Amino acid sequence: MNMHMEPDAVAASMNPGNRLALAIVDPSSAGYFIAKRALERGFMCIAISLSHAAPADIDFSWSRDCLDSNFDALVALDSYDAIMPGAESGVCLAEELAARLGLAGNDPETTARRRNKTAMAQAVAEAGIAVCRQACCRSVSDCMAWAEATGYPVVVKPEASSGGDLVRVCQTRDALSQHASAILDKPDRYGQNTRSVLIQAFMAGDEYTVDGVVSNQVLTIFAVGKYRKINLNGAMVYDKIDFLAPSDPAVDRRMLSYCEAVTRAVGVRVGPVHIEVMLTANGPLLVEIAARAHGGIGASVIDASFAPSFIDAIIDSYIPGASAGATGQIIRKKTSSIAFLISDRAGTLVAAPGIGNIRSLTSFVRLKCFTAPGDAIPKTVDLVTCPALVELSDDDPGVIEADIERIRELERSGAIWEIA
């Protein structure tokens, strides 16, 4: 035995129960719910920490920190049956580790197609799939020149953004100059410098998410989410998302075939996909695709609202022999929405006295807060600055709609947040 091996590595390699060992890279966001399900199913579950510490309320079998100087050696000594990303930040490392250890995963040679939006759009366009006009710019002057030639409004974002981080619609030259400057050579939410800006022609239409799982290179779409936004604080802020089954008559079938083609084009061959699409007058156009599950509480809401299980399908897709590919008909078990809470100003959160009112709503299921008393609370301008999510469910969509309006009334009256 290697006497320099850490004690938990020894325990991991022994695995006396010979249980399947699943590692989740950055088990935050959807990865939190994947980890909980893996443990419920009796698997060993390992946290590989990257941008977030492993959740303290989950009893992981063991953990690894990629910043540890011995990380590579420890991982080589461990025994894994599957490695998967828990969040956008874990995609690159999960793919690299899976390939290194000979496990199921996407090709790390093409990871850029699934993380870098310029490479992503290029791969989709080369496959003959429609994409919006866009350009990668490395200076504010290049952004301005492209926008002048294309016309306003334009959408501006980092090439590898996620969760709406630093994504803005710019209506004027001044707005574009200010926001492009804010992106260039400054860190994104994962601490990575953003030396280039992706600028896109504004796509008019409804915004959707399409969430699915690729198993045996077959994509099964589990849910289609339709966003609604409201104009607030000088930005289009997310109001709610409603989840529909892919067979729902309200779902435009063109989106489903479009997303299947995009998934193939960017090289997703196993695991979850989260695709954002604008349904324009000329058909669907890609906003972005990610090789991970819906973030926030989205993966859990989809899992609870549709059958078969979305989270089980994600896990099984990485385990040889566990899944036969397409899961067949997806059935909606209940009507669900997520409401995005809004703060109309920034400061320090003193208290949240209105949360009790939200918990008493007829359709209330659960609340996920991202800000606690004593924390800084930003003005809400995108998903990243959303202070909390509320899951709502009722057989009558009208009840959900009334409850969301009640939430907005509480916000307008200043009853939810006490901010100093």
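The values are calculated or read from the model by the stated rules, or taken from the named source; none is laboratory data. All values derive from a computational prediction rather than experimental measurement. Positions of Cβ are generated from backbone atoms using ideal geometry, with glycine treated the same way; all protein chains shown enter the neighbour counts. Note: accessible area is taken over every heavy atom of the protein model, side chains too, but ligands, DNA and RNA are not part of it. Shrake-Rupley method; radii C 1.70, N 1.55, O 1.52, S 1.80 Å.
What the table below lists for this structure:
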item	result
Per-pair calculated FRET efficiency, R0 = 45 Å: Lys368 and Asp142 via Cβ, rounded to 0.05	0.70
For the chain: accessible area per residue (Å², 1.4 Å)	42 Å²
Simple label model, 7 Å out from Cα along Cβ direction - Arg173 to Cys132, nm	2.3 nm
Share, in percent, of DSSP beta bridges within the chain that are antiparallel, nearest 5	85 percent
Estimated distance in nm for a label pair at Thr110 and Leu77, the labels positioned 7 Å out from Cα along Cα-to-Cβ	3.6 nm
Whole-Hz couplings from phi, Karplus 6.51/-1.76/1.60, listed for segment 57-69; x for Gly and Pro	8, 10, 8, 5, 5, 6, 9, 9, 10, 5, 7, 5, 4
Which labelled figure in [x] 33, 26, 24; [y] 55, 20, 19; [z] 43, 23, 19 is semi-axes √(5λ) of the Cα gyration tensor in Å, once derived from the coordinates	[x]
Heavy-atom SASA rank of Ser360, Ser343 (probe 1.4 Å, accessible area, largest first)	Ser360, Ser343
Extreme residue, positive dipole direction of the chain, given options Ser89, Ser215, Ser196 (C-beta unit charges)	Ser196
Nearest-ten-degree value, helix 140-150 long axis tilted from longest Cα axis of the chain	60 degrees
Segment Ser413-Ala125, extension gain: residue separation times 0.36 nm, minus the distance between their alpha carbons	99.0 nm
Accessible-area value, Thr118, 1.4 Å probe, nucleic acids and ligands omitted, Å²	40 Å²
Links that overshoot a 21 Å alpha carbon limit, given the list Lys186/Lys226; Lys229/Lys334; Lys186/Lys229; Lys229/Lys333; Lys117/Lys240; Lys229/Lys379	Lys186/Lys226; Lys229/Lys334; Lys186/Lys229; Lys229/Lys333; Lys117/Lys240
Carbon/sulfur fraction of accessible area - the chain, other protein chains in place, 1.4 Å, %	50 percent
